[in-house]
Amino acid sequence: MTTTEFTAADLRDRLRAVDDPALDTDIVTAGLVDEISVDDGTAQIELALGAPHAPDEAAIAERVRTVADDAGVDVELSANVPLFDTAESSVLPGVKNVIAVASGKGGVGKSTVAVNLAAGLADRGANVGLFDADVYGPNVPQMLGADADPDVRTVDGEERIEPPTAHGLKLMSVGLMIEEDDPVVWRGPVAQDTLTDLFGDVSWGNLDYLVVDLPPGTGDVQLTVLQHLPVTGTVVVTTPQSVAVGDTRRGIEMFGEYRTNVLGVVENMSGFVCPTCGDAHEIFGEDGGRSLADEVDVPYLGSLPLDPAVRVGADDGEPVVRQDDAKTAEAFHDLAARVANKVGVLRRHHRQTATVGGN
């Protein structure tokens with residue numbers, strides 16, 4: 001068959017050889033191939049891939065390129081984000097995915113995970129924003145060494161907040177809007193109203209991921225976020241000890257009640273390796289996060305060690321994931337890759353379900 005005879009239908013048929021291991025079917029049957037055109041030896045293919053820079057989706061795209069190359073045509077790939085519902089097109093319209101980071105209790109390193117997850121996704125090449133919704137403990141600016149006041153500009157006749165950037169991340173936090181030592185003494189309705197206003201006032205632009213650092217627990221602020229933002233999925237942080245695991249279990253139950261996808265559980269402070277003797281110490285116990293994930297049937301996203309470099313990085317405004325000499329950096333890079341993969345599975349499974357249901 002010559003290149004001029006090769007058609008879009010021919011290429012679509014060949015793409016049935018590209019499997020999606022997470023969906024246990026090929027990408028055409030799953031409805032992941034939206035549009036194909038072939039013109040003068042070049043194929044343009046639009047794929048329904050919704051997790052930019054996720055390793056699994058990058059592998060799918062590479063296999064598509066191989067199929068096109070074997071067919072003797074050049075290929076130009078593009079991707080769209082399959083929406084979960086129509087509301088997503090009007091709320092945060094330029095944001096492809098919203099990832100909430102939550103914990104059942106304070107002190108488990110939730111904000112540390114949120115900051116390093118966001119920076120890790122940015123390191124993969126994604127456009128990332130970080131929304132510090134922990135109104136009672138807005139520590140994210142300090143962790144990123146950010147102290148610039150947000151700019152206000154007029155867009156279509158309305159004043160919008162332009163978020164400052166730090167370490168390549170767009171950032172918004174209540175901590176940028178109050179004096180450093182001012183206590184945040186707000187009743188629930190005030191905190192809810194403040195966040196609701198910020199949802200509509202911040203000009204995030206086009207983002208692949210918006211990471212939202214939630215307050216600990218299961219109170220009004222968390223519910224406000226779930227009700228007002230199109231949350232793609234939630235990363236739940238725990239430490240190994242039973243007290244933290246029990247509170248985390250209740251948090252996961254809350255997300256279930258609000259039909260919010262849980263991307264998985266990550267266990268923080270899972271162990272400490274003595275820098276002098278090399279011995280490992282399970283200071284807070286072990287396998288609490290993995291056991292919880294198995295119990296409630298959600299993915300286990302891995303463990304993060306107890307590492308002094310995390311504290312030093314937070315104090316210095318340098319996320320540990322960006323510290324080349326920190327062993328924990330690799331663990332956070334792995335976490336970012338796993339989270340991106342889980343987002344991709346959710347998006348692709350949704351498209352597969354919609355495709356099967358529409359046939």
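Quick look at the values:
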quantity: Identity of the residue in the stretch 288-330, under 21 Å from the mean Cα position of the chain (by Cα) and open to solvent by 90 Å² or more (accessible area, probe 1.4 Å), that ends up farthest from ARG124 (Cα to Cα); calculated: ASP297
quantity: Check on THR7, modelled with pLDDT of 95 or more, β-branched (Val, Ile, Thr) and either open to solvent by 40 Å² or more (accessible area, probe 1.4 Å) or more than 13 Å from GLN352 (Cα to Cα) (or both); calculated: no
quantity: Within the stretch 101-135, tally of residues that are hydroxyl-bearing (Ser, Thr, Tyr) and out of contact with any helix residue (DSSP H, G or I) (no Cβ under 9 Å at 6 or more places or on another chain); calculated: 0
quantity: Residue in the stretch 177-191 that is among the aromatic types (Phe, Trp, Tyr) and either at pLDDT 85 or above or in a helix (DSSP H, G or I) (or both) present; calculated: no
quantity: Residue in the stretch 54-64 that is under 30 Å from ALA329 (Cβ atoms), β-branched (Val, Ile, Thr) and in a helix (DSSP H, G or I) present; calculated: yes
quantity: Total residues in the stretch 29-39, condition touching a helix residue (DSSP H, G or I) at 6+ places or on another chain (Cβ under 8 Å) and not hydrophobic (A, V, I, L, M, F, W, C); calculated: 3
quantity: Meets criteria (under 26 Å from VAL345 (Cα atoms), of a type in the set (Gly, Ala, Ser), modelled with pLDDT of 80 or more and touching a Leu at 6+ places or on another chain (Cβ under 8 Å)) for GLY205; calculated: no
quantity: Scope the stretch 342-359; condition open to solvent by 30 Å² or more (accessible area, probe 1.4 Å) and at pLDDT 85 or above; matching residues; calculated: LYS342, VAL345, LEU346, HIS349, HIS350, ARG351, GLN352, THR353
quantity: Every pair of residues 6+ apart whose Cβ atoms lie under 6 Å, when the first sits in the stretch 66-84 and is within 16 Å of THR42 (Cβ to Cβ) while the second is open to solvent by less than 50 Å² (accessible area, probe 1.4 Å) and not β-branched (Val, Ile, Thr); calculated: VAL67/LEU15; ALA68/ALA43; VAL73/GLY41; VAL73/ALA43; VAL75/ALA43; VAL75/ALA68; LEU77/ALA61
quantity: Helices (runs of 4 or more DSSP H) contained in the stretch 285-359 and holding at least 3 residues closer than 30 Å to ASP34 by Cβ; calculated: 328-358
quantity: Count - residues of the stretch 58-100 that are farther than 28 Å from LEU15 by Cβ and either surrounded by 15 or more Cβ atoms within 10 Å (Cβ to Cβ) or small (Gly, Ala, Ser) (or both); calculated: 8
quantity: The listed residue being farther than 30 Å from PRO240 by Cβ, among the hydrophobic types (A, V, I, L, M, F, W, C) and either surrounded by fewer than 16 Cβ atoms within 10 Å (Cβ to Cβ) or in contact with a strand residue (DSSP E or B) (Cβ under 8 Å, 6 or more places away or on another chain) (or both), out of VAL28, VAL108, VAL115, VAL33; calculated: VAL33
quantity: Criterion: among the hydrophobic types (A, V, I, L, M, F, W, C) and within 28 Å of ALA122 (Cβ to Cβ) - qualifying residue of LEU77, LEU15; calculated: LEU77
quantity: Count of the stretch 38-52 residues which are open to solvent by 30 Å² or more (accessible area, probe 1.4 Å) and over 16 Å from ARG65 (Cβ atoms); calculated: 2
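One line per residue, one yes/no per condition, for (1) open to solvent by 10 Å² or more (accessible area, probe 1.4 Å); (2) at pLDDT 90 or above; (3) of a type in the set (A, V, I, L, M):
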residue: VAL212; (1), (2), (3): no, yes, yes
residue: THR218; (1), (2), (3): yes, no, no
residue: THR232; (1), (2), (3): no, yes, no
residue: THR248; (1), (2), (3): no, no, no
residue: PHE255; (1), (2), (3): no, no, no
residue: GLY264; (1), (2), (3): no, yes, no
residue: SER270; (1), (2), (3): yes, no, no
residue: GLY278; (1), (2), (3): yes, no, no
residue: GLU286; (1), (2), (3): yes, no, no
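The values are calculated or read from the model by the stated rules, or taken from the named source; none is laboratory data. Note that the structure is predicted; figures quoted are calculated from it, not measured. Neighbour counts are summed over all protein chains in view; Cβ atoms, including those assigned to glycine, are modelled from backbone coordinates with ideal geometry. Surface accessibility is based on the protein's heavy atoms, side chains included, excluding ligands, DNA and RNA. Shrake-Rupley method; radii C 1.70, N 1.55, O 1.52, S 1.80 Å.
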